[in-house]
1. Filter segment 8-35 down to the residues that are closer than 28 Å to ARG85 by Cα and acidic (Asp, Glu), then identify the one that is surrounded by the fewest Cβ atoms within 10 Å (Cβ to Cβ).
2. Filtering segment 36-92 down to residues that are closer than 18 Å to THR12 by Cα, of a type in the set (A, V, I, L, M) and without any contact (Cβ under 8 Å) to a residue 24 or more places away in the chain, which residue is surrounded by the fewest Cβ atoms within 10 Å (Cβ to Cβ)?
3. Among the residues of segment 7-23, which ones are in contact with a helix residue (DSSP H, G or I) (Cβ under 9 Å, 6 or more places away or on another chain), in a loop (DSSP other than H, G, I, E, B) and over 15 Å from ASP70 (Cβ atoms)?
4. So which residues in segment 24-61 are of a type in the set (S, T, N, Q), at pLDDT below 95 and assigned to a helix (DSSP H, G or I)?
Amino acid sequence: MDELPDLETISTLLTVVEGRDPVTTGVARFDEDHNVLRSTQAEVLATLTRNLPENYDKDDLRRVLERIEDAIEVNRAVRQEASAREGAGRPQ
């Protein structure tokens, strides 16, 4: 069986992403976060479709997946705001 996602590591990643300052973080950082979140989302989704060991709780995976999806939504919104800020700061 492939290695299962480390939920503690994913939780740490989410805490970092969720803690980014939306005012001082740039578009490039939000883009990188988005790519990592989408990759992690795919990994968790794939895990949910497999037969898991008894000690691996699908409800925990679903909660993590929901948190990832929430982080993706927030990331999209703050990325747009950062893009507008960066665009407004460019000389024309």
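The values are calculated or read from the model by the stated rules, or taken from the named source; none is laboratory data. Keep in mind the model is a prediction, meaning the values are calculated, not measured. Note that each Cβ is placed from the backbone with ideal geometry, even for glycine, and that neighbours are counted across all protein chains shown.
1. Taking the candidates together, the pick is ASP21.
2. If we take residues in segment 36-92 being closer than 18 Å to THR12 by Cα, of a type in the set (A, V, I, L, M) and without any contact (Cβ under 8 Å) to a residue 24 or more places away in the chain, then ALA42 is surrounded by the fewest Cβ atoms within 10 Å (Cβ to Cβ).
3. Within segment 7-23, just VAL23 meets the criteria.
4. Residue satisfying the conditions is THR47 alone.
This table checks each residue for (1) more than 10 Å from the chain's Cα centre (by Cα); (2) of a type in the set (Gly, Ala, Ser).
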residue: VAL17; (1), (2): no, no
residue: PRO22; (1), (2): yes, no
residue: ILE68; (1), (2): no, no
residue: ALA71; (1), (2): no, yes
residue: ARG76; (1), (2): yes, no
